[in-house]
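Down below is the structure, laid out as structure tokens.
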Amino acid sequence: MKKLIIITAAILAVGCTGDFGDVVDYKEVENPNLSEASVVGQPNSSSIWLTGLERQLANVFNETLVLSELGSDNYVNTQTFFNQFMDGLAIQITDPDMRDTQRQIQRLRELAVFGLAEVGPGDPNYNAEIEAEFNYFEGISYLFSGMYFSALPQEPVGVPVTSAQHYANAITAFDAAIALAPKAEYHLGKARANYYLGNKAEAASAATMALSLDSDFDRVAMFDESNGPSNTFEDALYERATFDDLQPLPSLDFLDPKYSFFTPEEDAPVHYLKAEEAYLILAEANLSDDDIDSARANLTALLDLIANREVRTIDDSIEDRTQVEAGSRPDNADVVVNGRSGLVLDRQLGEVEVPSVSGTSLTADDIAAMQDDDAGLSLLYRTRQEVFIAEGLRMVDMGVKLVIDENEILINENINEGDLGTTPVVPSFISAVVADLDAITYDAATGVATTVIDLNDILVANKTSDQVVPFE
């Protein structure tokens, strides 16, 4: 019905003025400095286009990180200016953040496709390395489409395709990149797509290939603090200063803020494809195969890697860890969370050390005691949560999917409300505990904090669902 209204309105508008089409025909407007000819066919245009793809990826993360982290149990949003709906998983087609997230991912895809089809072939200095990167970015666009949406068009006003098909398309693109100029992150992108598809053997094989090329690789998205785009989630976590109402679970306090002030010119990067993920994929495959010795070996290698990652020393004394009233959240190192100590930092005593790439509470003793049972799998998922905090993976691990935005539904004749992709996907075992995702109890007098639920245990308890724990 809405589509009929829009079409009728357009007909009436055209009927009111004979030259209305000239007013809105933007394709007739040409800027000689932005024409296709100013890019295509020019020397070194492909390398310049590649820089534009890197910039667009930063725009993608500025949309996906806020939504996915707020939609997870990693953070609670009490009254920031960031999305007011995701904390309760109220996912709506009318939410402009749905529109912006979808568009930024699709823009990344179209830039990559145009680079492969037009910019690269027209550049006399085009080479295999740049062509591989174009394929890689196309693969990333499909990977993110599959991660965050149950269905999404893969071409302008096209028919929505399922997340599984987006993952398959991502694998094809990553394979094309690997054939041209193999890099560890290309293999890891392939491993992640296979991981979420539940393709255990293929995911493990790709993860192994990634580590064989580089055992400590780390692909980052870069941000420009002075000219933009700056890192929006860094603003949310650190530069918000006294507006301290975006809070992590107390069990994750020692990992916050993952992003903090870098330099006046360069903002903190997002570490989005790193070797840690390969070790975790392999360890999860090992547990699925009842191979506890190999799982322990991979998790030990993970700890060794994390021990050598950057830890930033920052002044976070502005952070009061309050939620409306003083003393409402754990704020000192003596606090015990879920029976464990050492998870909360005392930010008022001076500078604190916070991992900027990866951190975890996992210990060698934990690994030695680990078994290939549900408790061991829950420990692995707790480690995934810690290692990937503020990187946008937790909500995906929860099986939650966003929706196609209302504008796309209205203008795309291939989509109607109620179709796959237009309604949110929230597993029943997640919707049942939405109110408790970020809930804690805290007794400041005794220094004891407890999360109301352990979502890792809930994920593992529902491991037979096709929405979570993909290797089970």
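Considering the conditions (1) in contact with a Pro (Cβ under 6 Å, 6 or more places away or on another chain); (2) within 30 Å of Thr208 (Cβ to Cβ), Val337 is excluded by exactly one of them, (2). Somewhere in the range 156-173, is a residue modelled with pLDDT under 95, assigned to a helix (DSSP H, G or I) and aliphatic (A, V, I, L, M)? No, the range 156-173 contains no residue that is modelled with pLDDT under 95, assigned to a helix (DSSP H, G or I) and aliphatic (A, V, I, L, M). Quick check on the range 192-204. Is at least one of its residues part of a helix (DSSP H, G or I), under 16 Å from the mean Cα position of the chain (by Cα) and surrounded by fewer than 24 Cβ atoms within 10 Å (Cβ to Cβ)? Yes, the range 192-204 has at least one match. Does any residue of the range 47-55 turn out to be free of Cβ contacts under 8 Å to residues at least 40 places away in the same chain and either more than 22 Å from Asp267 (Cα to Cα) or in contact with a helix residue (DSSP H, G or I) (Cβ under 7 Å, 6 or more places away or on another chain) (or both)? Checking the range 47-55: not a single residue is free of Cβ contacts under 8 Å to residues at least 40 places away in the same chain and either more than 22 Å from Asp267 (Cα to Cα) or in contact with a helix residue (DSSP H, G or I) (Cβ under 7 Å, 6 or more places away or on another chain) (or both). Give me the residue from the range 208-220 that is open to solvent by less than 50 Å² (accessible area, probe 1.4 Å) and outside any strand (DSSP E or B) and, out of that set, nearest to Arg309 (Cα to Cα). Among residues in the range 208-220 that are open to solvent by less than 50 Å² (accessible area, probe 1.4 Å) and outside any strand (DSSP E or B), the one nearest to Arg309 (Cα to Cα) is Phe217.
Look at the range 364-379: where a residue is more than 11 Å from Arg296 (Cβ to Cβ) and a partner is of a type in the set (A, V, I, L, M) and part of a loop (DSSP other than H, G, I, E, B), sitting 6+ places away or on another chain with Cβ atoms under 9 Å, you get Leu377/Val469; Leu379/Leu362; Leu379/Met370.
Inclusion of Thr451 among residues that are touching a strand residue (DSSP E or B) at 6+ places or on another chain (Cβ under 9 Å) and polar (S, T, N, Q) is warranted. Picking from residues in the range 171-191 that are out of contact with any Lys or Arg (no Cβ under 9 Å at 6 or more places or on another chain) and surrounded by fewer than 24 Cβ atoms within 10 Å (Cβ to Cβ), the one that is nearest to Arg219 (Cα to Cα) is Pro182.
Residues in the range 367-386 that are open to solvent by 50 Å² or more (accessible area, probe 1.4 Å) and either among the acidic types (Asp, Glu) or modelled with pLDDT under 95 (or both): Asp372, Asp373, Asp374. Please tell me if Phe223 is aromatic (Phe, Trp, Tyr), more than 23 Å from Leu305 (Cβ to Cβ), part of a strand (DSSP E or B) and in contact (Cβ under 8 Å) with a residue 60 or more places away in the chain. Criteria met by Phe223.
If we keep just the residues of the range 331-342 that are surrounded by fewer than 17 Cβ atoms within 10 Å (Cβ to Cβ) and at pLDDT 95 or above, which is nearest to Thr78 (Cα to Cα)? So, considering only residues that are surrounded by fewer than 17 Cβ atoms within 10 Å (Cβ to Cβ) and at pLDDT 95 or above, the one nearest to Thr78 (Cα to Cα) is Asn338.
Mind listing just one residue for me: the one in the range 229-249 that is open to solvent by 10 Å² or more (accessible area, probe 1.4 Å), in a loop (DSSP other than H, G, I, E, B) and at pLDDT 90 or above and, of those, farthest from Glu351 (Cα to Cα)? Ranking the qualifying residues of the range 229-249, first place goes to Pro229.
Criterion applied to Ser328, Ser288, Ser356 was being open to solvent by 20 Å² or more (accessible area, probe 1.4 Å), closer than 24 Å to Pro248 by Cβ and touching a residue at least 24 places away in the same chain (Cβ under 8 Å), and the one residue passing it is Ser328. Reported count of residues in the range 435-455, each being open to solvent by less than 30 Å² (accessible area, probe 1.4 Å) and part of a helix (DSSP H, G or I), is 1.
Where helices (runs of 4 or more DSSP H) sit wholly within the range 317-428, those with at least 3 residues that are among the hydroxyl-bearing types (Ser, Thr, Tyr) occupy 374-387.
In the set Leu252, Leu299, Leu280, Leu305, only one residue is within 29 Å of Gln371 (Cα to Cα), in contact with a Lys or Arg (Cβ under 7 Å, 6 or more places away or on another chain), part of a helix (DSSP H, G or I) and touching a residue at least 12 places away in the same chain (Cβ under 8 Å); that residue is Leu280.
Tallying residues that are among the hydrophobic types (A, V, I, L, M, F, W, C), crowded, with 16+ Cβ neighbours inside 10 Å and assigned to a loop (DSSP other than H, G, I, E, B) within the range 83-129 yields 4. Residues that are within 27 Å of the chain's Cα centre (by Cα), open to solvent by less than 30 Å² (accessible area, probe 1.4 Å) and hydrophobic (A, V, I, L, M, F, W, C) occur at least once in the range 344-351. Among what's in the range 42-77 and is open to solvent by 40 Å² or more (accessible area, probe 1.4 Å) and part of a loop (DSSP other than H, G, I, E, B), pick the residue that is nearest to Tyr259 (Cα to Cα). Across the range 42-77, the extreme among qualifying residues is Asn44.
The values are calculated or read from the model by the stated rules, or taken from the named source; none is laboratory data. This is a predicted model, so every value here is computed, not measured. Glycine gets a Cβ as well: all are built from the backbone with ideal geometry, and neighbour counts include every protein chain shown. Just the protein is used for accessible areas: all its heavy atoms, side chains included, with ligands, DNA and RNA removed. Shrake-Rupley method; radii C 1.70, N 1.55, O 1.52, S 1.80 Å.
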